[in-house]
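The values are calculated or read from the model by the stated rules, or taken from the named source; none is laboratory data. Since this is a predicted model, take the numbers as computed values, not measurements. Reconstructed Cβ throughout: ideal geometry from the backbone, glycine too, with neighbour counts over all protein chains shown.
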């Protein structure tokens, strides 16, 4: 059986920091007894803290992930998990920023703690960077075996309407890897699949540590001159909650 791969063979250091954020809803002991070895975790990295938020505090907490626009997205995406989280008496928030690393061990260890918390009373997990909520069963199924380290399981690739009937391909979640997200604008509807493949390739390469400078060119099938990258955005950009690599699909005939 294949083993998870937490290596970053293309890594070179970036000044950006990796950011991890997960909310685990459930009923937990005062001091949860976690079987970390069952999930290949060495425990939370020093830079990641776990904070308990009782239901009484949740009612008045501005950062509640089940409310507002995010809450609407989560409810629509998985109503059963959303309802289980809503009814849970407690929430444990795992959050931290870490220096860019040549290994993804920090992600492995944090995911292992989340999995162990689900074994110790958790019923649902919110990953706000991916705009997704998981039931305990969904989480264990998705983050099991070699699949736990596959980059596409930690990053969302979206397709939205763009100007003039074209499509906008973008990602969310690459901040977990201390890398910018991806934005591909003005994609003709006939080229959405190819553009999605470019985004997926950039996700994988960046998750494995590669960095792309301003003006870099990415090869793409059917695009002879490739796609030029412009670095931009900020961590406050609500579309990504991260900086991003901006690419524009060439117009037909160019």
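With respect to the conditions (1) touching a helix residue (DSSP H, G or I) at 6+ places or on another chain (Cβ under 8 Å); (2) without any contact (Cβ under 8 Å) to a residue 12 or more places away in the chain; (3) assigned to a loop (DSSP other than H, G, I, E, B), residue 61 falls short on a single one, namely (1).
Of all residues in the range 204-216, those being touching a residue at least 60 places away in the same chain (Cβ under 8 Å), surrounded by fewer than 18 Cβ atoms within 10 Å (Cβ to Cβ) and in contact with a helix residue (DSSP H, G or I) (Cβ under 6 Å, 6 or more places away or on another chain) number 0. Within the range 169-185, is there a residue that is crowded, with 17+ Cβ neighbours inside 10 Å and over 25 Å from residue 208 (Cβ atoms)? Within the range 169-185, none of the residues are crowded, with 17+ Cβ neighbours inside 10 Å and over 25 Å from residue 208 (Cβ atoms). The sole residue among 193, 201 that is surrounded by fewer than 24 Cβ atoms within 10 Å (Cβ to Cβ), over 20 Å from residue 133 (Cβ atoms) and in contact with a strand residue (DSSP E or B) (Cβ under 9 Å, 6 or more places away or on another chain) is 201. For the range 1-56, give me the residue count where each residue is farther than 18 Å from residue 125 by Cα, part of a loop (DSSP other than H, G, I, E, B) and touching a strand residue (DSSP E or B) at 6+ places or on another chain (Cβ under 8 Å). Qualifying residue count, the range 1-56: 5. Can you find even one residue in the range 165-180 that is out of contact with any strand residue (DSSP E or B) (no Cβ under 6 Å at 6 or more places or on another chain), at pLDDT below 95 and more than 23 Å from residue 51 (Cβ to Cβ)? Yes - at least one qualifying residue is present in the range 165-180. All conditions in (1) surrounded by 12 or more Cβ atoms within 10 Å (Cβ to Cβ); (2) out of contact with any helix residue (DSSP H, G or I) (no Cβ under 7 Å at 6 or more places or on another chain); (3) not assigned by TED's automatic domain parsing to the domain that holds residue 140 hold for residue 50, with the sole exception of (3).
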